[in-house]
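A.B. asks: Pasting a structure here, questions to come.
The values are calculated or read from the model by the stated rules, or taken from the named source; none is laboratory data. Owing to the predicted nature of the structure, the values given are computational and were not obtained by experimental measurement. Heads up, the Cβs are rebuilt from the backbone with ideal geometry, glycines too, and the neighbour counts pull from every protein chain shown. Each accessible area value is taken on the protein alone, full model and side chains, heavy atoms only, with ligands, DNA and RNA left out. Shrake-Rupley method; radii C 1.70, N 1.55, O 1.52, S 1.80 Å.
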Amino acid sequence: MMNIAVLVSGGGTNLQALIDAQKSGIITNGKITCVISSNPNAYALERAKQNGIKTVVLNRKDYDDVHKYSADLRDILLEEKADLVVYAGFMTILDEQVVKAFPNKMMNVHPALIPSFCGKGFYGLHVHEAVLESGVKLTGATVHFVTEECDGGPIILQKGVEVQNGDTPEILQKRVMEQAEWKILPEAVSLFCNGRIKVNGKITEII
Ligand code: GAR
């Protein structure tokens with residue numbers, strides 16, 4: 001059984017999808033053992049507590065620099081014996097110390113079809129604003145491994161979602177979450193926990 005640590009910063013609907021998937025047996029061979037938040041007021045912490053999951057707050061605002069923050073977070077993840085680290089709406093960019101400690105063992109859900117609408121500055125609602133401004137008719141979500149390049153790691157799963165007339169960033173965000181993120185994130189976690197993701201450079205293969 002793999003220990004899954006989930007990193008959060010906000011509402012935690014992706015964390016909820018993981019908790020629900022664990023309960024319903026969609027995630028096998030893995031258990032969420034700890035939820036770590038960069039924000040002490042994140043509602044995600046309530047969701048974890050309601051489900052009896054250990055919570056840790058590592059407030060980004062308590063740190064002047066990203067290096068010390070990353071080192072402390074890495075140490076917590078090592079102490080927790082995390083086999084998999086999931087960024088579920090985690091809005092803090094970490095330095096290479098964390099990635100080096102967990103190579104191809106950290107995954108992130110991004111609310112667009114990478115390599116479009118990703119990288120620095122593309123997070124949360126900003127992603128959907130940019131999608132709507134661009135006029136694309138298809139967006140979606142991506143689950144990928146975390147590397148030192150922001151949103152640049154090997155892609156595990158993607159799912160497309162239609163942009164519709166009259167969409168606002170909020171409406172589109174909800175559709176992308178419901179139709180894509182909440183489905184492919186638990187699926188990718190379960191694939192990982194069952195040793196079914198083979199990584200070869202930038203390319204992953206589901207085996
Ligand atoms: C989600 O849409 C997630 O994909 C996005 O923030 C939202 C968090 O919602 N993450 C990023 O933009 C990271 N670059 P949640 O807290 O309800 O899961």
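A.B. asks: In the range 13-50, how many residues are more than 23 Å from residue 72 (Cβ to Cβ), part of a loop (DSSP other than H, G, I, E, B) and either without any contact (Cβ under 8 Å) to a residue 24 or more places away in the chain or within 15 Å of the ligand (Cβ to nearest atom) (or both)?
C.D. replies: Of the residues in that region, 1 qualify.
A.B. asks: I would also like to ask the following. Examine the range 72-85 for a residue that is open to solvent by 20 Å² or more (accessible area, probe 1.4 Å), more than 16 Å from the ligand (Cβ to nearest atom), aliphatic (A, V, I, L, M) and touching a residue at least 24 places away in the same chain (Cβ under 8 Å), and state whether such a residue exists.
C.D. replies: yes
This table checks each residue for (1) open to solvent by 40 Å² or more (accessible area, probe 1.4 Å); (2) under 21 Å from residue 31 (Cα atoms); (3) of a type outside the set (Gly, Ala, Ser); (4) in a loop (DSSP other than H, G, I, E, B).
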{"residue": "128", "(1), (2), (3), (4)": "no, no, yes, no"}
{"residue": "141", "(1), (2), (3), (4)": "no, no, no, no"}
{"residue": "172", "(1), (2), (3), (4)": "no, no, yes, no"}
{"residue": "181", "(1), (2), (3), (4)": "no, yes, yes, no"}
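A.B. asks: Output the residues belonging to the range 188-207 that are outside any strand (DSSP E or B) and either open to solvent by less than 90 Å² (accessible area, probe 1.4 Å) or aliphatic (A, V, I, L, M) (or both).
C.D. replies: The answer is 188, 189, 190, 191, 192, 193, 194, 195, 201, 207.
A.B. asks: Taking into account only those residues within the range 109-126 that are over 20 Å from residue 8 (Cβ atoms), surrounded by 20 or more Cβ atoms within 10 Å (Cβ to Cβ) and within 15 Å of the chain's Cα centre (by Cα), which is nearest to the ligand (Cβ to nearest atom)?
C.D. replies: Among them, the one singled out is 114.
A.B. asks: When you scan the range 153-173, do you find a residue that is on the phi > 0 side of the Ramachandran plot and within 15 Å of the ligand (Cβ to nearest atom), even just one?
C.D. replies: Scanning the range 153-173 turns up no residue that is on the phi > 0 side of the Ramachandran plot and within 15 Å of the ligand (Cβ to nearest atom).
A.B. asks: Criterion first (farther than 25 Å from residue 39 by Cβ, outside any loop (DSSP other than H, G, I, E, B) and open to solvent by 50 Å² or more (accessible area, probe 1.4 Å)) does residue 159 satisfy it?
C.D. replies: yes
A.B. asks: Let me ask something else. Among the residues of the range 95-108, count how many are within 8 Å of the ligand (Cβ to nearest atom) and either among the charged types (D, E, K, R) or farther than 13 Å from residue 142 by Cα (or both).
C.D. replies: Qualifying residue count, the range 95-108: 0.
A.B. asks: Please work out which residue is farthest from the ligand (Cβ to nearest atom), limiting yourself to the range 174-207 and to residues that are acidic (Asp, Glu) and under 20 Å from residue 126 (Cβ atoms).
C.D. replies: Ranking the candidates gives 178 first.
A.B. asks: Given the criteria in contact (Cβ under 8 Å) with a residue 24 or more places away in the chain and in contact with a Gly (Cβ under 6 Å, 6 or more places away or on another chain), does residue 113 qualify?
C.D. replies: Taking the combined requirement at face value, the residue satisfies it.
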